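Working notes, structure below.
The values are calculated or read from the model by the stated rules, or taken from the named source; none is laboratory data. What you see is a predicted model; the values in this text were computed from it and never measured. Here the Cβ is made from the backbone with ideal geometry for all residues, glycine too, and neighbour counts use every protein chain on show.
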Amino acid sequence: MPELPEVETVARGLRAALPGSHILSVRLGKTDFIDDPSALKRKLPGCRVMAVRRHGKFLLLDLDPSDQNGRGFSVLIHLGMTGNVVVTAADAPVAPHTHVFLALDDGREVRYMDVRRFGRIRIVPDSSRDATLTHLGVDPLEATEEEFLQRLGSRRARIKALLLDQRVVRGMGNIYTDESLWRARIHPKRLGTSLQREELRRLFRAVRDVLRQAIQLRGSSVSDYRDAEGRRGEFQRLHRVYQREGKKCFRCGATLRRAIVAGRSSHYCPRCQRPPRVRRRFSA
């Protein structure tokens, strides 16, 4: 599933290509992942793209309607597991599973492709945009160290679950959680409240370093992900633990293992990332 680095990479590509463009028409294929497809076809034509933003794992296309009396709104896009947004020439070959076509005034098209259609597209008025996104936690690239430490260190839940919880930290997923915990030398089953302040600070630095490096390399293409220009990411070449069960740890040489934490496969090094101590109960 596209995580923060992949969504940020797509957002940057769209941000370089779309602002100032006008949408001429909307053509839809399958629409079971779109909230109110008729509203999309009715409201988008004539709108000008004002900005492209990322909020956690969501993309936001901020639009200004052609009618001066109309109110601005955003198109909220979640890529799900296999969603992709590209900008291409209108006469370019159409990839399979392309379901949304936005014709632009300069002869290009914005196309949304999604093999499994687990993504989501909806229109969000400016008046309700903040309320729609307010339940999400802090952005790890925007949060201060103290905000990060407070959110994670004050909860009695496994650190892997906390990092995946979008209400605590928005944008993290399985890949970058595993990679960050490995860099910070923290076992995924440790409780947030069990982590010392220095461990949390180390994790804060690891998360930011991993995310920034992944963005620089345009994300990880381990499945269907492509950027806004249709290119694969490169960060998967630098994965140190994710999906490397049974292979040697790059740091200490121990055999990497996999465990289920928070319902997700978690890859870790049993030597570098010491497991939490198990308290044994003795009967009288």
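Note on segment 58-170: enclosed helices (runs of 4 or more DSSP H) holding 3 or more residues that are crowded, with 17+ Cβ neighbours inside 10 Å and in contact (Cβ under 8 Å) with a residue 60 or more places away in the chain are 159-164. Tell me which residues, restricted to segment 36-56, are in a loop (DSSP other than H, G, I, E, B) and of a type outside the set (Gly, Ala, Ser). Within segment 36-56, ASP36, LEU44, PRO45, CYS47 meet the criteria. Against the list (1) crowded, with 19+ Cβ neighbours inside 10 Å; (2) closer than 30 Å to LEU59 by Cβ, the condition ASP209 fails is (1).
Residue count for segment 1-26 under the criterion of being more than 26 Å from LEU211 (Cβ to Cβ) and either touching an Asp or Glu at 6+ places or on another chain (Cβ under 9 Å) or not assigned by TED's automatic domain parsing to the domain that holds ARG116 (or both): the result is 4.
Listed here are the residues, each with its yes/no results for (1) outside the structural domain of GLY153 (by TED's automatic domain parsing); (2) in a loop (DSSP other than H, G, I, E, B); (3) closer than 20 Å to ARG151 by Cα; (4) free of Cβ contacts under 8 Å to residues at least 60 places away in the same chain.
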| site | (1), (2), (3), (4) |
| --- | --- |
| SER180 | no, no, yes, yes |
| GLU198 | no, no, yes, yes |
| ARG201 | no, no, yes, yes |
| ALA206 | no, no, yes, yes |
| ILE215 | no, no, no, no |
| ARG218 | no, yes, no, no |
| GLY233 | no, yes, no, no |
| PRO275 | yes, yes, no, no |
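Applying a threshold of 6 Å to beta carbon distances and a minimum spacing of six or more residues, or different chains, the list of pairs starting in segment 36-52 at a residue that is not assigned by TED's automatic domain parsing to the domain that holds ASP106 and ending at one that is of a type in the set (D, E, K, R) and not in a loop (DSSP other than H, G, I, E, B) is empty.
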